[in-house]
């Protein structure tokens, strides 16, 4: 059995054991524990997006996760009781290798809803067709924490109100950008895309932690690529696509305080749940904590994140979207109107590309200025050190230099 797990470690519960898919179809795989709060919205989102099958690997749920998941068609449910702390990466790799070999798989958590630029124009099959045409084997995605206007102690909200309707805010003001070449994993190839590795965000602002926000969840398992290598935020031997996508992250749904306390007790997350310990410290000091800040905002569309440079696209991808949209033009009776609409939408996407380039140039300039300042500070320190050495060996020479 692949990636070090035997068939005895994973129990079949429900659904297809084999999932036949074409090269432009997607299987979603999810390692889950006590995910009932998110489950229905998760399943509905991914089937609406265009996924053909979903596989859940339950890791010891005590709620109705398994029974709810098993009530859906085109869903497979597996179970493993292996300890999450020790086997998390192997369990995720098992899912990707078992169901994603020779095809595209999307490995996400139950509180993560994936979307991609211009999903309002092209379908999921077209996105995968683009990736196949360019021979990519992985796609970067940025986690975007979504939160409600009110206190996190508000719980699940009104029964008739979905968490997506309540958790409408995000904050893009405190993102830290790093070189993705140095923070993505080993032996990866990047196709000239200006994608950054992001960290921080609202969790740094409020809780003082520095979470990695960049993942590589969309993978074509070709036998060479190494998904979730070292951590869920790393990948190896991959050819990374020239676009980035988004994982809308609904971390604060439900009883966040209770979930955090359990993670601290069990110490089953990275570094003995160190980040959760910081969450809990802040929550206990302020039980009515709300995440909303002056810089918080509502995102109406995934495409809004392009202008903010949270997501990026390439010229090639935009050209693909333009061509796909042109193929959907209606018949001759509405041809003139459709052509005008098509031109307007192309101009809007071209404008987004120009803004993206300008933002990149400004950031590069800012980095150069900061590097120049650091160089100047280093030179000043060296001059001071040389003066001190000179004064200690030749007091008269030292007095002359001053």
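Any read-out appearing in this document is the output of simple, stated calculations on the displayed coordinates, not a laboratory observation. As the structure is a prediction and not an experimental result, all values here were calculated from the model. Heads up, the Cβs are rebuilt from the backbone with ideal geometry, glycines too, and the neighbour counts pull from every protein chain shown.
What list do you get for 392, 61, 105, 151 if you sort them by fewest beta carbons within 10 Å? Please report the intermediate quantities before stating the final value.
Numbers: 392 9, 61 19, 105 27, 151 14.
Ordered from fewest to most neighbouring Cβ atoms within 10 Å, 392, 61, 105, 151 come out as 392, 151, 61, 105.
For the residues 56, 84, what sequence is obtained by ranking on other C-beta atoms within 10 Å, fewest first? Write out the running numbers ahead of the final one.
Working: 56 31, 84 16.
Least to most surrounded, the residues fall as 84, 56.
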Starting from the Cα gyration tensor of region 2-307, take the square roots of the eigenvalues, sort them a ≥ b ≥ c, and report rounded, prolate or oblate (rounded when a/c is under 1.5, otherwise prolate if a/b is larger than b/c, else oblate).
rounded
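Where does region 192-303 land on the Kirkwood hydrodynamic radius, alpha-carbon pairs, in angstrom?
Value: 16.5 Å, from the Cα pair sum.
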If I fit a long axis through the Cα atoms of helix 84-100 and take the longest principal axis of the Cα atoms of the chain, what angle between them do I get, 0 to 90°, rounded to 10?
60
Computed over the chain: longest principal axis from alpha-carbon atoms vs helix 256-266 long axis, angle to nearest 10 degrees, is 80
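Among 190, 99, rank each residue by its count of other Cβ atoms within 10 Å, from fewest to most, as a rough exposure measure. Don't skip to the answer; put the middle values down first.
On the way: 190 16, 99 25.
Fewest-to-most ranking of 190, 99: 190, 99.
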Once you order the gyration tensor axes a ≥ b ≥ c over the Cα atoms, which shape class does region 1-112 get: rounded for a/c under 1.5, otherwise prolate or oblate by comparing a/b with b/c?
oblate
So, relative contact order of region 168-227 in percent, Cα under 8 Å, 6 or more apart, is 30
Any chance you could give the angle, 0 to 90 degrees and rounded to 10, that helix 270-285 forms with the longest Cα principal axis of the chain?
80
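How much of the DSSP beta bridge set in region 2-307 is antiparallel, as a percent to the nearest 5? Numbers along the way, then the final one.
On the way: 24 of 49 bridges.
Looking only at bridges with both residues in region 2-307, the antiparallel portion is about 50 percent.
What relative contact order, as a whole-number percentage, does the chain give when Cα pairs under 8 Å and 6 or more residues apart are counted? Can you show the working numbers first?
Working: 686 pairs, mean separation 67.6, N = 402.
Dividing the mean separation by the residue count of the chain yields 17 percent.
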